[in-house]
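**Student:** The structure follows.
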Amino acid sequence: MTGPTQAAGYEARLRDRFGEGVVSVRLLNGNELHLTIRSKEDLPEACAYVHDELKGVLATVVCSDERRISGEFVLRYAFGIGGGEDLFVIVETRIEQGSPGSRPSFPSVALRLQAATLYEREIRDMFGLVPEGHPDERPMVLHEQWPEDVQPLRKDFDIGTKVARVTDRPYEFLKVDGEGVSEIPVGPVHAGIIEPGHFRFSTIGDSIINLETRLYYTHRGVEKLAESMNLDKVLLVSERISGDEAVANSTAYCQAIEKIAGVTPPRRALQVRAVCAEMERVYNHIGTLAGLSTDVGFGYGAARLSILKERMMRLNEEVAGSRLLFGVNRLGGVGVDLSEEKSVRLLGATDEVLSDFKRVVSFLRSDSSVMDRLRGTGAISSAAALEIGVVGVAARSSGLDIDTRRDHPYGAYRSLRIDPHHDNLQQVTRFQAEMTRRRGDVLARFETRVEEVINSVEIMREVLQDLDSGRELAVPLTRDALKPYSHAFGYGESHRGQTVHWVMIGEDQDSLFRYKVRTASFANWPAIETAVLNDIVADFPLVNKSLDLSYAGNDL
């Protein structure tokens, strides 16, 4: 946790830089330094300063309709500062409603920080605030038949409203012209059991020279729905944002509420959370590696890895009562326990899975046809990953040394070693050597996932061998501690990367005034457009699978 001295140092730098432009600088919830600036016109400069000079990484952008509180909209650009600092710097500004019929606006940050691009497009769709100077004025979340003057996340939009369809407003995809250029539309309906997404390829021959993605065909209104529920029901929603991230997302949500309430779950509960989070990581990484094997046509590897994933999911059910690990978290703690019998079973089963896993991976590495398909395919440079704001495996495979479990340690991770234990990878082959160089290709993502499976099993073993003997699994949350309009960030590291949840408590203290979710998939979807450049169309499924993006995790 950030200390007062560290926070004071950052506060001094911010006040020195912006002087009279600063309304206030406040440290909230232990590691959130809120910089409120006087004029919205200073927003791009303030965000650029935090990013460039303070080395902050854009974690999320939160817009909230607080007109009933202060008569204004509020924008919060949150930057994470790692490297042992464990601090979030939040640049905050207020946007006046303006005169009737006008559309409130703010200066776009996207021209200074590419990572802000999608957030600002989302804000324009959902709140009707116009990011002036934004390089892309097209709608993103709201598709062609949605009225332009209806913003669903404003407070005056009732969740029960049946929105009438309007005449289609054609969506203008980017057009690539030139001799020999062909356009290949794929989706949004796909073969097989897969969620909808549209991919518009521009190619010369088989080579991809541009890709544009379009999502939000199954937007569910999760954030609006949460405003109509009590806190316990929102927990159930958080687990189902993307079913294979149940523990990560519910942990982030619980953490935010617990921060506001000023409570710390029992040590045993935090350990259970960590073990279940690593179980979630293991079964998903193995499943993704199975998918990669399928996409290179290596049926044997796919079958063996799919069996291992199934074994892990059955173990999930034995331990937590759910193959997808639903029901693990409760506000203030957990709803499942790891008895001595369960712990012994878990250790034995994961050791067996890991032993078989290493054999399958060794077999895959020894097959030159598999490695040739992975090597050099779908590369994302470190510079591109940093500019886009990529997180998780995709970021680490491109040379960005980030991991929320270490950079902003939470729960039991505060006392755990997160960096991979390379003792398990002593036999350095040409494949691991390439992985170490972090080329950012499919092979690097393959090797990073292998490394993380091994590390996750070691984390589970370390926690279970030191499991707290206390039997308390949760502490009560008194609603009196949840002051109306108090707010906090919760976060976690899913198998896809950092997930960030921001909550603001509602008036009755058992509801949410605002719930903002940013999963790893939202941050990583733009990376696929960079990753496929100069690859062939036939390699797109392989690149896509290596990034392991969730449609549901994006289409909130």
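The values are calculated or read from the model by the stated rules, or taken from the named source; none is laboratory data. Everything numeric here is computed off the predicted structure, so don't read it as measured data. Cβ: placed from backbone, ideal geometry, glycine included. Neighbour counts: every protein chain shown. Heads up: the accessible areas ignore ligands, DNA and RNA and are worked out on the full protein's heavy atoms, side chains in. Shrake-Rupley method; radii C 1.70, N 1.55, O 1.52, S 1.80 Å.
**Student:** Could you list, in sequence order, all residues of the stretch 356-378 that are assigned to a loop (DSSP other than H, G, I, E, B), open to solvent by less than 50 Å² (accessible area, probe 1.4 Å) and in contact with a helix residue (DSSP H, G or I) (Cβ under 7 Å, 6 or more places away or on another chain)?
**Tutor:** THR377, GLY378
**Student:** Going residue by residue through the stretch 31-39, is there one that turns out to be surrounded by 13 or more Cβ atoms within 10 Å (Cβ to Cβ) and touching a residue at least 60 places away in the same chain (Cβ under 8 Å)?
**Tutor:** Looking for residues that are surrounded by 13 or more Cβ atoms within 10 Å (Cβ to Cβ) and touching a residue at least 60 places away in the same chain (Cβ under 8 Å), one finds at least one in the stretch 31-39, hence yes.
**Student:** Any residue at all in the stretch 168-180 that's in contact with a Gly (Cβ under 9 Å, 6 or more places away or on another chain), surrounded by fewer than 11 Cβ atoms within 10 Å (Cβ to Cβ) and in contact (Cβ under 8 Å) with a residue 12 or more places away in the chain?
**Tutor:** Yes, there is a match, as at least one residue in the stretch 168-180 is in contact with a Gly (Cβ under 9 Å, 6 or more places away or on another chain), surrounded by fewer than 11 Cβ atoms within 10 Å (Cβ to Cβ) and in contact (Cβ under 8 Å) with a residue 12 or more places away in the chain.
Yes or no, residue by residue, for (1) touching a helix residue (DSSP H, G or I) at 6+ places or on another chain (Cβ under 8 Å); (2) within 26 Å of VAL450 (Cβ to Cβ); (3) crowded, with 22+ Cβ neighbours inside 10 Å:
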position	(1), (2), (3)
ILE286	yes, yes, yes
GLY291	yes, yes, no
GLY297	no, yes, no
ARG314	no, yes, no
GLY321	no, no, no
LEU325	yes, yes, yes
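**Student:** As an exercise: evaluate LEU473 against (1) surrounded by 20 or more Cβ atoms within 10 Å (Cβ to Cβ); (2) touching a residue at least 60 places away in the same chain (Cβ under 8 Å); (3) more than 19 Å from ASP244 (Cα to Cα) and give the number of the one condition it does not meet.
**Tutor:** The failed condition is (1).
**Student:** Testing VAL57 on (1) farther than 26 Å from ARG405 by Cα; (2) open to solvent by 20 Å² or more (accessible area, probe 1.4 Å), one condition comes back false. Which one is that?
**Tutor:** Only one criterion in (1) farther than 26 Å from ARG405 by Cα; (2) open to solvent by 20 Å² or more (accessible area, probe 1.4 Å) is unmet by VAL57, namely (1).
**Student:** Right, something else. Out of the stretch 217-261, which residues are within 23 Å of MET140 (Cβ to Cβ), over 16 Å from the mean Cα position of the chain (by Cα) and assigned to a loop (DSSP other than H, G, I, E, B)?
**Tutor:** Once the filter is applied, which keeps residues that are within 23 Å of MET140 (Cβ to Cβ), over 16 Å from the mean Cα position of the chain (by Cα) and assigned to a loop (DSSP other than H, G, I, E, B), the stretch 217-261 yields TYR217, THR218, HIS219, ARG220, GLY221, GLU227.
**Student:** Give just the number: which of (1) more than 28 Å from TRP525 (Cα to Cα); (2) surrounded by 10 or more Cβ atoms within 10 Å (Cβ to Cβ) does ARG154 not satisfy?
**Tutor:** Status for ARG154: all satisfied but (1).
**Student:** Moving on to the next point. Filter the stretch 84-93 for residues that are under 11 Å from LEU54 (Cβ atoms) and either at pLDDT below 95 or assigned to a loop (DSSP other than H, G, I, E, B) (or both) and give the result.
**Tutor:** GLU85
**Student:** Considering the stretch 488-502 alone, what residues qualify as being crowded, with 24+ Cβ neighbours inside 10 Å and either hydroxyl-bearing (Ser, Thr, Tyr) or part of a strand (DSSP E or B) (or both)?
**Tutor:** PHE489, GLY490, TYR491, GLY492, GLU493, SER494, GLN498, THR499, VAL500, HIS501, TRP502
**Student:** Only one residue in LEU556, LEU464 is in contact with a Lys or Arg (Cβ under 7 Å, 6 or more places away or on another chain) and touching a residue at least 24 places away in the same chain (Cβ under 8 Å), so which one is that?
**Tutor:** LEU556
**Student:** Let me ask another. Step by step: first the residues of the stretch 394-427, then only those that are within 24 Å of ASP351 (Cα to Cα) and part of a loop (DSSP other than H, G, I, E, B), then the one that is modelled with the highest pLDDT. Which residue is that?
**Tutor:** Applying the filter and picking the extreme gives LEU416.
**Student:** What tally of residues in the stretch 94-135 results from selecting those that are open to solvent by less than 30 Å² (accessible area, probe 1.4 Å), in a loop (DSSP other than H, G, I, E, B) and touching a helix residue (DSSP H, G or I) at 6+ places or on another chain (Cβ under 8 Å)?
**Tutor:** Qualifying residue count, the stretch 94-135: 6.
**Student:** Any idea which residue in the stretch 524-549 is farthest from ARG375 (Cα to Cα), counting only those that are in contact with a helix residue (DSSP H, G or I) (Cβ under 8 Å, 6 or more places away or on another chain) and aliphatic (A, V, I, L, M)?
**Tutor:** Out of the qualifying residues, it is LEU549.
**Student:** Give just the number: which of (1) touching a residue at least 24 places away in the same chain (Cβ under 8 Å); (2) outside any loop (DSSP other than H, G, I, E, B) does GLN151 not satisfy?
**Tutor:** (2)
**Student:** Additional query: Checking the structure you have, find out if any residue of the stretch 329-346 is assigned to a helix (DSSP H, G or I), among the hydrophobic types (A, V, I, L, M, F, W, C) and either surrounded by 24 or more Cβ atoms within 10 Å (Cβ to Cβ) or in contact with a strand residue (DSSP E or B) (Cβ under 8 Å, 6 or more places away or on another chain) (or both).
**Tutor:** Checking the stretch 329-346: not a single residue is assigned to a helix (DSSP H, G or I), among the hydrophobic types (A, V, I, L, M, F, W, C) and either surrounded by 24 or more Cβ atoms within 10 Å (Cβ to Cβ) or in contact with a strand residue (DSSP E or B) (Cβ under 8 Å, 6 or more places away or on another chain) (or both).
**Student:** On to the next question. Across the stretch 514-556, what is the number of residues that are aliphatic (A, V, I, L, M), open to solvent by 10 Å² or more (accessible area, probe 1.4 Å) and part of a loop (DSSP other than H, G, I, E, B)?
**Tutor:** 4
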